[in-house]
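First comes the structure, then the notes that go with it.
Coordinate-derived values only; no laboratory data. This structure is a prediction, so every number in the text was calculated from the model and none was measured. Glycine gets a Cβ as well: all are built from the backbone with ideal geometry, and neighbour counts include every protein chain shown.
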Amino acid sequence: MASSAKLLIKNNLVVLADSSQILDFATALLAALLSLDFSSIFCYPLLMKESIIRTISIKLDVNGHEAILQATQARFNEAASWIASICWHEHITNTNTAHHRVYRETRSRFGLGSQLAICARAKAVEAVKATRKKEQERKPYQKPFTCPEFGPRGSVRYDERSFSLKSLDRVSLLTLDGRITCRMILGKRQHDMLIDPTWQIGGADLVWKRGTYYLNITQHKDRPEEMDTSDTIGIDLGIVNLATDSTGETFSGAHVHTVRMRYHKRRQELQRVGTHSAKRRLKKMSGREERFQKDVNHKISRTLVRKAVISRKALALEDLTGIQDRVTVRRENRYERHSWAFYQLRCFIAYKAAWASVPVRFVDPRNTSRTCSNCGHCDKANRQSQATFLCQQCGFCLNADVNAAINISRVPVKVPLATSVRG
Ligand SMILES: [Zn+2]
């Protein structure tokens, strides 16, 4: 789970406030995804700020340095866990307060140099903040969140002072035993991303995965200006049709449903078996299912954003703020059930759009599915079935999702986006 959630931002883009918050954001996003909790999702507000980031994940050849990297990793995470427990129990979430409280002791206790001590504190404080936030938004049926802890194989945070690119394929990393140089194994795409002068390099995370080290380097740049357009493509998200746009294009959920059912059946079988190897297979399977879903979401979002670019239109999505508080049923249920997949699709659309200068509008979803896009008559009875919309007033008949998407494309944005958007 952790690895695939991280993948969400790998080699891709997310948008955020300023470069100092990049890692903050990555941690927060990861935490939100891990909790699979629709209410704790806070990607969208960040879209309003000025810079965008992307992460390049690069495989490292650490030839001869495994032992020291592993030792550094273990000590770094031990220190981060200790810092997190201090901040957790003393209710510290302020970076400066945390720094003064733990800096000296981190260095003396764990023998970390000043840069690694600072990075361990950064990692710990971010995790504590993210967990506190989840705790605030915790549902009654969820268990209370506890202080974050990091295993000996957890990631190591590097900032501009503790890592540096030496040449195109060499990187210098700070360890317990001074600096070491590792070779980066770059594909063409990664190489091009790395040398692109329009992007600035920020920090990096050293990640160990199944015996291999990866360096996830973060880059940032100013957000491109949004294109100026008054035309909008509306997008309706659903289960039967994963996405439907106001031009009439639909992305069927039938295939996704079939695959899901197959996984579901297989999962039940394995759960019945219950052996150690069955559990291992279950875990593997959940990774595959997530990758499948992610791939589907990438394709849909890519197609929609491309369409917006070509036709010079903005995209409009339903603003799901407070949808759980609303009493009108059905529609919110369908989001709740697949909330994680929906959240991911919305996020993909949002950051791909930001990258392509396509404005994204989040609109009030109320009545979009029961209003006639031809005459404006709003009636529950207009929606004849899941698939069919038939206006009780003018007799206009259309695919129900397309009708909803057309309405979404026309809803005026009443409030400034900065206050209205929030997953
Ligand atoms: Zn009508």
(request) May I ask you to evaluate 6.51 cos²θ - 1.76 cosθ + 1.60, the Karplus curve with θ = phi - 60°, for each residue of region 67-77 and list the ³J(HN,Hα) values in order in whole Hz, giving x for glycine and proline? (result) 4, 6, 5, 5, 5, 5, 4, 5, 5, 4, 6
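Between GLN386 and GLU135, what length in nm is gained on full extension when 0.36 nm per residue of separation is reduced by their alpha carbon distance?
Extending this stretch completely gives an extra 86.7 nm.
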(request) Show the residues, 5+ positions off or on another chain, whose built amide H is closer than 5 Å to the amide H of PHE362. (result) LEU317
(request) Please list the non-local residues whose amide H lies under 5 Å from the amide H of PHE150, H modeled 1.01 Å from N, same-chain partners needing a gap of 5 or more. (result) SER81
(message) Per residue of region 158-171, what does 6.51 cos²θ - 1.76 cosθ + 1.60 with θ = phi - 60° give for ³J(HN,Hα)? Whole Hz please, x for Gly and Pro, Karplus curve as stated.
(response) 10, 10, 4, 8, 9, 9, 8, 7, 8, 9, 4, 10, 10, 9
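Going by a ≥ b ≥ c, the root eigenvalues of the Cα gyration tensor, does region 152-300 fall in the rounded group (a/c under 1.5), the prolate group (a/b larger than b/c) or the oblate group?
oblate
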(request) Provide the net charge surrounding ALA204, with neighbours chosen by a C-beta distance below 11 Å and charges set as Lys +1, Arg +1, Asp -1, Glu -1. (result) -2
(request) Taking H placed 1.01 Å from N in the peptide plane, check which residues at least 5 places from GLY203 or on another chain put their amide H under 5 Å from its amide H. (result) THR218
(message) Considering just Cα atoms, how many Å³ per residue does the convex hull of region 369-416 enclose?
(response) 71
(request) Evaluate E = 1/(1 + (r/R0)^6) for ASN374 and THR229, where r is the Cβ-Cβ distance and R0 equals 30 Å; express this FRET efficiency to the nearest 0.05. (result) 0.80
(message) Straight-line reach only, C-alpha to C-alpha below 25 angstrom: list the lysines that LYS380 could link to, leaving out same-chain residues fewer than 8 apart.
(response) LYS414
(message) What's the whole-number percent of alpha carbon pairs in region 53-222 lying beyond 30 angstrom?
(response) 23
(request) Quick one: what are the phi-derived ³J(HN,Hα) couplings along region 136-144, Karplus 6.51/-1.76/1.60 with θ = phi - 60°, whole Hz, x for glycine and proline? (result) 4, 9, 5, 7, x, 7, 8, 6, x
(message) Taking a virtual spin label 7 Å from the Cα of LYS59 along the C-beta vector, which residues in region 191-206 bring their backbone nitrogen under 18 Å of it?
(response) 191-194, 206
(request) Give me the number: length gained by fully extending SER286 to THR95, i.e. 0.36 nm times residue separation minus the C-alpha to C-alpha distance, one decimal in nm. (result) 65.1 nm
(message) What's the magnitude of the charge dipole for region 81-132 around its Cα centre, counting Lys and Arg as +1 and Asp and Glu as -1 at the beta-carbon? Answer in Debye, nearest 20.
(response) 60
